[in-house]
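One structure is given here, and the rest of the page talks about it.
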Amino acid sequence: MNLLNLPTFKVTDMKQNEYGDYQISVTTISPPEMCPYCGCISNLYKWGIKKQLFMDTPMYGKRVALLVNRQRYKCKECNSTFLELLHDMVLKNAYGVGYRYHKTIILF
Ligand SMILES: [Zn+2]
């Protein structure tokens, strides 16, 4: 079940706190095709997970936080490490606040 209109994410967990605010955990389902630094295709391997929290559009008057588990990759060719891109989000400022291109669609 995908609660969010985010085609490159998969919802892995969803919970509410005592105020009714939602925290939705997601992982991406579209691994990078190549190293963004040197362009090589086959020499990437996984290099840990970074969790990032984004505030989303409120639903039912409750706050919605998206906890994104971003995969970090390392390139064997050039030794660069990089986080996978989040195609459904655009980062807005330095405080981790994200605004999405997509309109949230609730499928309860
Ligand atoms: Zn590379």
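Counted residue by residue at 0.36 nm each, then reduced by the alpha carbon distance between them, the extension gain from residue 12 to residue 41 reaches 7.6 nm. Available extension along the chain between residue 51 and residue 85 is 10.9 nm, counting 0.36 nm per residue and deducting the alpha carbon span. Each label point was placed 7 Å from the Cα along the Cα-to-Cβ direction; for residue 21 and residue 70 their separation is 2.1 nm.
Each value in this text was obtained by applying a stated rule to the coordinates, not by laboratory testing. Keep in mind that this is a model prediction, so the values were computed, not measured. Cβ: placed from backbone, ideal geometry, glycine included. Neighbour counts: every protein chain shown.
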